């Protein structure tokens, strides 16, 4: 299955949510710079199962925000930001990056 690629509307929603939570003043906790990029593919976080690899199961889709200076990464739950819905994630239509 292909990676879930945020479309322009979803990316815009994520940016607006992030701006609303940080007053457009997100600062890297490592280097204190304010320049970030948003990864266009969702990433996932899975529950820890004692080091065992579990196929399937619960995943938590996240948007990854990366500092352009030091590469520190911040993760925000994609569902709670409103950028994607559960229906988006379970849709049979593949999410492909634009060509």
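The values are calculated or read from the model by the stated rules, or taken from the named source; none is laboratory data. The model shown is predicted, which means the values in this text are computed figures rather than measured ones. Neighbour counts are summed over all protein chains in view; Cβ atoms, including those assigned to glycine, are modelled from backbone coordinates with ideal geometry.
Numbers for the structure displayed
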read-out: Qualifying residue in the stretch 45-59 (condition: touching a strand residue (DSSP E or B) at 6+ places or on another chain (Cβ under 6 Å) and surrounded by 14 or more Cβ atoms within 10 Å (Cβ to Cβ)); value: no
read-out: Hits in the stretch 10-36 (condition: within 22 Å of residue 85 (Cα to Cα) and in contact (Cβ under 8 Å) with a residue 12 or more places away in the chain); value: 10, 11, 13, 14, 15, 17, 18
read-out: Checklist (1) in a loop (DSSP other than H, G, I, E, B); (2) free of Cβ contacts under 8 Å to residues at least 60 places away in the same chain applied to residue 83, failing item; value: (2)
read-out: Members of the stretch 84-99 that are loosely packed, with under 11 Cβ neighbours inside 10 Å and modelled with pLDDT under 55; value: 92, 93, 94, 98, 99
read-out: Top-ranked residue of the stretch 48-73 - restricted to ones that are assigned to a loop (DSSP other than H, G, I, E, B) and within 17 Å of the chain's Cα centre (by Cα), ranked as nearest to residue 6 (Cα to Cα); value: 59
read-out: Residues within the stretch 8-29 that are in a loop (DSSP other than H, G, I, E, B) and surrounded by 16 or more Cβ atoms within 10 Å (Cβ to Cβ), tallied; value: 2
